1. Please indicate, with yes or no, whether at least one residue in the stretch A:210-220 is more than 19 Å from residue A:104 (Cα to Cα) and modelled with pLDDT of 95 or more.
2. Given the conditions (1) surrounded by fewer than 23 Cβ atoms within 10 Å (Cβ to Cβ); (2) modelled with pLDDT under 95; (3) within 30 Å of residue B:283 (Cβ to Cβ), which single one is not true for residue A:141?
3. Between a residue in the stretch A:49-66 that is touching a residue at least 60 places away in the same chain (Cβ under 8 Å) and any residue that is part of a loop (DSSP other than H, G, I, E, B), which pairs come within a Cβ distance under 9 Å, given they are 6 or more apart or on different chains?
4. How many of the residues making up the stretch B:118-137 are without any contact (Cβ under 8 Å) to a residue 40 or more places away in the chain and in a strand (DSSP E or B)?
5. Scanning for something surrounded by fewer than 18 Cβ atoms within 10 Å (Cβ to Cβ), over 28 Å from residue B:283 (Cα atoms) and within 14 Å of the chain's Cα centre (by Cα), does the stretch B:111-134 turn up at least one residue?
6. Considering each residue of the stretch A:242-261, count those that are within 7 Å of another protein chain (Cβ to nearest Cβ) and closer than 18 Å to residue A:183 by Cα, and give that number.
7. Here are B:205, B:186: which of them is farther than 18 Å from residue A:256 by Cβ and facing chain A (nearest Cβ under 7 Å)?
């Protein structure tokens with residue numbers, strides 16, 4: 001894997017994901033130079049301080065110049081904004097761009113609309129987020145044994161797809177391919193709905209009129225709601241750029257809630273037991 | 001704490017909670033004898049094998065005879081059943097009974113209806129459950145720094161309440177008092193709704209028509225749904241004996257879901273951001 005090398009990799013957004021990519025590249029000597037690009041000097045300095053990047057700049061033109069790989073790992077809307085306005089910064093050299101956004105259809109649409117000349121884009125999503133954020137949480141081994149989804153389209157260059165796949169495998173990740181649309185459909189269920197439910201479980205307690213509810217929170221509550229501390233600026237974009245599939249999932253959820261309501265009202269032990277058994281069996285079937 | 005001793009403690013139900021009580025009593029030498037009482041010989045044997053109890057019997061008459069403390073730590077319906085039918089087994093000696101059930105109003109009602117003569121009942125709920133179950137998960141220190149809620153009523157003997165409080169404090173627990181009704185209202189929100197949401201998040205994935213969804217499950221999904229493997233026979237009783245308050249909470253949840261649906265349909269960034277910020281701040285405010 002150390003044979004697979006980039007000369008200059010530019011990372012736009014150096015939080016948990018971007019910082020971990022930088023740290024991983026440096027640990028594995030996969031890039032000669034890792035440049036952090038961002039909007040806030042403060043974050044870039046902290047990323048450099050923890051060794052996640054070699055150098056940094058708030059000027060995309062400077063940061064992206066001569067890069068042979070650019071990774072966009074900022075929140076979705078910041079990535080969309082950059083794709084719409086920032087690509088003119090890039091020169092005439094062939095440049096491969098990929099991203100790490102949690103939703104893909106919106107990113108791919110804007111990216112492919114913006115592509116021209118020597119630019120090439122491959123969509124990607126490392127499923128490695130957590131409630132942690134900021135460059136201090138960067139971990140060179142974050143992607144080890146995690147899954148990264150790449151989302152090729154008819155316009156994706158097969159050789160660039162292979163390069164990006166090798167890049168993620170070099171960081172220790174397993175790579176699967178889905179279309180951007182299929183990615184968003186699946187992740188709405190496996191990631192976005194759980195996050196929304198964690199938020200709702202938290203807010204249900206907040207709305208409870210009781211003195212010191214924190215006294216009565218068990219480990220279950222902690223588990224279910226832990227990810228609700230996830231960065232609002234990141235999740236706001238995720239929810240809004242995947243709202244079609246989120247709404248489809250909410251419809252499934254509403255149907256189940258209505259069933260539970262009827263079952264509880266009727267004291268239907270069979271329904272409750274069957275649902276609990278089904279959830280337990282499915283959980284246990286997961287690897 | 002080792003000055004506080006019982007001669008014979010009988011534990012009805014030797015799973016995670018009952019087994020941990022037995023192990024904790026023995027570790028701290030709080031009881032001269034700990035007898036496990038249950039319906040399944042197999043569980044009792046396993047509890048004895050891991051040292052959670054000294055002896056065992058499937059005969060409540062034998063197990064409860066001469067006990068100065070009886071702890072009912074089986075699923076709610078088994079406890080209700082025992083309270084309705086098993087108390088005649090008890091002799092004329094003063095006997096203090098307490099329980100560890102996750103819902104309290106139903107248990108207190110049945111217990112106090114069944115009380116007579118020298119029997120005394122104090123309701124309790126150690127908030128220490130997890131997705132683990134069975135005597136193998138017994139842990140003598142399970143209750144350390146956990147909260148146990150005791151639920152006195154006008155019929156509760158103040159001196160027996162003090163005894164049960166000292167019992168739980170002896171096991172390392174902090175004790176708070178709530179009325180049975182207030183307990184059920186609070187726990188519906190802090191425990192039962194999170195459990196239901198974990199089940200629903202799991203079932204949403206199960207209902208998704210995608211090949212191998214397990215490939216695309218992140219750490220967030222694991223956290224949110226972990227407790228859905230909790231024992232169905234336990235949770236079935238919890239949900240059904242607390243259905244009034246669960247339904248009240250479901251109404252709050254349905255209202256929030258309806259708001260989210262409108263916000264997503266309208267692309268309302270402000271609503272989404274505000275809800276995420278509110279959940280994050282509340283989470284961070286918890287100790």
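1. Taking the stretch A:210-220 and keeping what is more than 19 Å from residue A:104 (Cα to Cα), we get A:210-220.
Of the ones still in play, those that are also modelled with pLDDT of 95 or more are none.
Checking the stretch A:210-220: not a single residue is more than 19 Å from residue A:104 (Cα to Cα) and modelled with pLDDT of 95 or more.
2. So the condition that residue A:141 fails would be (2).
3. If the second residue must be part of a loop (DSSP other than H, G, I, E, B), the pairs left are A:50/A:138; A:52/A:14; A:52/A:138; A:52/A:140.
4. Of all residues in the stretch B:118-137, those without any contact (Cβ under 8 Å) to a residue 40 or more places away in the chain come to B:118-119, B:121.
Next, from what is left, pick out any that are in a strand (DSSP E or B): B:119, B:121.
The total comes to 2.
5. Yes, the stretch B:111-134 contains at least one residue that is surrounded by fewer than 18 Cβ atoms within 10 Å (Cβ to Cβ), over 28 Å from residue B:283 (Cα atoms) and within 14 Å of the chain's Cα centre (by Cα).
6. Looking only at that region, the number is 5.
7. Details: B:205 fails: farther than 18 Å from residue A:256 by Cβ.
Checking each option against the conditions leaves just B:186.
Yes/no per residue for (1) within 7 Å of chain B (Cβ to nearest Cβ); (2) over 19 Å from the mean Cα position of the chain (by Cα); (3) crowded, with 16+ Cβ neighbours inside 10 Å; (4) closer than 24 Å to residue B:231 by Cα:
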residue	(1), (2), (3), (4)
A:237	no, no, yes, no
A:240	yes, no, yes, no
A:271	no, yes, yes, yes
A:281	no, yes, no, yes
A:287	yes, yes, no, yes
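The values are calculated or read from the model by the stated rules, or taken from the named source; none is laboratory data. These numbers were taken from a predicted model, which means no experiment stands behind them. In this analysis, Cβ positions are derived from the backbone assuming ideal geometry, glycine residues included, and neighbour counts consider all displayed protein chains.
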